[in-house]
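K.L.:
First, the structure itself, so that you have it in front of you.
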Amino acid sequence: MKSSAVRKVLGLLLTLFSLSMIPPVLVSLWYRDGAVLPFLSAFGLILSTGLLILVPVIRRKDDLRLRDGFLVVVLFWTVLGVSGSLPFMLADSPHLSITDAIFESISGLTTTGATVIIGIDELPRSILYYRQQLQWLGGMGIIVLAVAVLPMLGIGGMQLYRAETPGPIKDSKLTPRITETAKALWYIYLGLTIACVGAYCIAGMPLFDAVGHAFSTVAIGGFSTHDASIGFFDNTAIEMVAVVFMLLSGVNFALHFIAWNRRLPTAYLHDSEFRFYIFLMSASAVVVTLALYYTGTYDLWSEAFTQGLFQVVSIGSTTGFTTAEFYIWPPFLQILLLFASFVGGCAGSTGGGIKVIRFLLLIKQGLREIARLIHPSAQLPVRMGSKTVNNRVVDAVWGFFSLYVASFTVMYLALAATGIDLVTAFSAVAACINNLGPGLARVGASYADLHDPAKWILCFAMLLGRLEIFTLLVLLTPAFWRR
């Protein structure tokens, strides 16, 4: 373990993160909301901590290995979650406790969208902006963004990229150099954000809200500047803009790059994961629309369709925006929507969940095992499109799924052991490990009513989901720490 290399990267990234306190200061000055001091104090504390870690090892030239990359990613997200909580603790409004502040910060950075704040509409504009900014930074992955800078400082970035990038296939790069790969991802992410801001404004959303909601839409986060979320605007055009950009943000960014860079829109249609992603969303929307109408939840087909489509895309992509209190819909629909979040977005997207490609591979592997019962001697490869999937990838997917189920079960039991009812415990763990946000029962609207031990368990669930199980759990194995 190269401790100096780990400290150098951690110190550098923490120093860079301190700069994220500057935009909220400018927002506070512009709107004169009196919340400048908490952000300036947080800026000074985070910058000082980063420099204390960085300066002693700034001249070291140690290479960063893959094992170090895993440690840096986990340390950084953990430290960042704590650092990002400072404004919430220091501000007069909301002035959260340590537990609540860290929960809110980790929820933002992991793009979960679970909140402990009640009365969001009354918060200072700078705090509202800061919550949305946390999700935007976390959505792309601050580690991936920083990879473009690290090679210039003599620190290789591929290790961090492999440890951070979601999905079962981590070694593929969009460009020959990792720096260019990070830049490509950044440009796509930034382009989608700008387009989303413009679309929201055209649909009738005020500029401040448009920027904030674009941040959380493209990040598939779910934080809003209003307690009623997107439903606050009561505007079908705004809801449909959100649907479009949630769908786009749930697609593999590598696929966006290929389609846009080569001017090849048909690349989407040739991708098995994308087709299955659209099929799941479409089928779920049809089922939910029919159920909403025939159960009498909505009297009009148009209302049943718009409400059903929005909630399916929002929850299925793990964004977590709401236009209706879906947690009081018929129980069948509540469970269906929650289960949709287990699939989540595509690999290489900002979405959470198991990921569409893993789910598709699990289905294909299951069908192969059934076929083997009929033809024991047959050679039956798993295919994605015209390509055969390496058995190593299939094994990794099964390994991920087994660890996912085991982790979910342990956290579910731990939450239930604290005295929380089973529906709340199940949905809270599902919403946090899938980086969804809203759950059912007591956590349908807010997580404020949960006690502190439950919130710490859910913080771990959010980190576990954001880092895709392996990256975090590998640090808990004795083999990782052996020389």
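Throughout, read-outs are computed from the coordinates displayed, never taken from laboratory work. Since the model is a prediction, treat every value here as computed from it, not as a measurement. Heads up, the Cβs are rebuilt from the backbone with ideal geometry, glycines too, and the neighbour counts pull from every protein chain shown.
K.L.:
Tally Lys and Arg at +1 and Asp and Glu at -1 over the other residues with C-beta under 14 Å from the C-beta of Leu134: what net charge comes out?
P.N.:
My count for the surroundings of Leu134 gives +1.
K.L.:
Additional query: Non-local amide H neighbours of Gly439 (under 5 Å, H modeled in plane, Pro and chain starts lacking H): which ones?
P.N.:
Here Gly444 satisfy the definition.
K.L.:
I need the shape label for the chain. Rule: rounded when a/c is under 1.5, else prolate if a/b > b/c, else oblate, with a, b, c from the alpha carbon gyration tensor.
P.N.:
rounded
K.L.:
Here's a follow-up. Of the options Trp301, Ala406, Thr225, report the single residue whose Cα projects farthest towards the positive end of the charge dipole of the chain (beta-carbon charges: Lys, Arg +1; Asp, Glu -1).
P.N.:
Highest projection toward the positive end goes to Ala406.
K.L.:
Assign one of three labels to the stretch 391-481, namely rounded, prolate or oblate, based on the Cα gyration tensor with a ≥ b ≥ c the square roots of its eigenvalues; rounded applies when a/c is under 1.5, prolate when it is not and a/b is larger than b/c, and oblate otherwise.
P.N.:
Prolate.
K.L.:
When ranked by the protection proxy of mean other Cβ atoms within 10 Å per residue, highest first, what sequence do the peptides 70-82, 313-325, 109-121, 399-411 form?
P.N.:
So the peptides 70-82, 313-325, 109-121, 399-411, ranked by packing, come out 313-325, 109-121, 70-82, 399-411.
K.L.:
If you don't mind, there's one more thing I want to ask. Choose one of Ile335, Val251, Leu75: the residue whose Cα lies farthest towards the positive end of the charge dipole of the chain (beta-carbon charges +1 Lys, Arg; -1 Asp, Glu; about the Cα centre).
P.N.:
Leu75
K.L.:
Which order results if Cys432, Cys346 are arranged by neighbouring Cβ count within 10 Å, fewest first?
P.N.:
Taking fewest neighbouring Cβ atoms as first place, the list is Cys346, Cys432.
K.L.:
Any idea what the relative contact order of the stretch 216-321 is, in percent, if you count C-alpha pairs under 8 Å spaced at least 6 apart?
P.N.:
Across the stretch 216-321, relative contact order equals 37 percent.
K.L.:
Under a 5 Å amide H to amide H cut-off, with H placed in plane at 1.01 Å, what residues pair with Met384 once short-range neighbours are removed?
P.N.:
Correct list: Val389.
K.L.:
To the nearest 500 deg cm²/dmol, what mean residue ellipticity at 222 nm is calculated for the chain from DSSP H runs of n ≥ 4 alone, each contributing -39,500 (n - 2.57), summed and divided by the residues?
P.N.:
The per-residue figure over the chain is -20500 deg cm²/dmol.
K.L.:
Between Phe208 and Ser377, what is the FRET efficiency for a Förster distance of 60 Å, r being their Cβ-Cβ separation, to the nearest 0.05?
P.N.:
0.35
K.L.:
Report relative contact order for the stretch 391-481 in percent, whole number only (criteria: Cα-Cα under 8 Å, sequence separation at least 6).
P.N.:
Relative contact order of the stretch 391-481: 26 percent.
K.L.:
For the stretch 53-68, just list the computed ³J(HN,Hα) in residue order, Karplus coefficients 6.51, -1.76 and 1.60, θ = phi - 60°, integers in Hz, with x standing in for Gly and Pro.
P.N.:
Karplus values, whole Hz, x for Gly and Pro: 6, 7, 4, x, 10, 4, 8, 6, 10, 5, 7, 8, 8, 4, 4, 5.
K.L.:
Which shape class applies to the stretch 285-369: rounded if a/c is under 1.5, otherwise prolate when a/b exceeds b/c and oblate if not, where a ≥ b ≥ c are the square roots of the Cα gyration tensor eigenvalues?
P.N.:
Prolate.
K.L.:
With label points built 7 Å along Cα→Cβ from the Cα atoms of His226 and Ser3, find their separation and express it in nm.
P.N.:
Simple spin-label model gives 5.3 nm for this pair.
K.L.:
Okay, next question. Tell me, what is the FRET efficiency for His451 and Cys201 to the nearest 0.05, using R0 = 41 angstrom and their Cβ-Cβ distance as r?
P.N.:
After rounding to 0.05, the efficiency reads 0.50.
K.L.:
Let me ask you something else. Using r as the Cβ-Cβ distance of Lys387 and Leu269, and R0 as 22 Å, what FRET efficiency do you calculate, to the nearest 0.05?
P.N.:
Between Lys387 and Leu269 the formula returns 0.90.
K.L.:
Sticking with this one: Output the relative contact order of the chain, whole-number percent, from Cα pairs under 8 angstrom with separation of 6+ residues.
P.N.:
Once normalised by length, the contact order is 16 percent.
K.L.:
Same structure, new question: How far apart, in nm, are the 7 Å Cα→Cβ label points at Asp234 and Trp186?
P.N.:
4.3 nm
K.L.:
So which aspartates and glutamates can Lys455 reach, going by Cα to Cα under 14 Å and dropping same-chain residues fewer than 8 places off?
P.N.:
Hits, sequence-local ones excluded: Asp100, Glu104.
K.L.:
Given labels modelled 7 Å from the Cα in the Cβ direction, how far is it in nm from Thr295 to Ala479?
P.N.:
4.5 nm
K.L.:
What list of ³J(HN,Hα) couplings, whole Hz, do you get for the stretch 220-228 from phi and the Karplus terms 6.51, -1.76, 1.60, once you set θ to phi - 60° and write x for glycine and proline?
P.N.:
Each residue of the stretch 220-228 in turn: 6, x, x, 4, 9, 8, 9, 4, 7 Hz.
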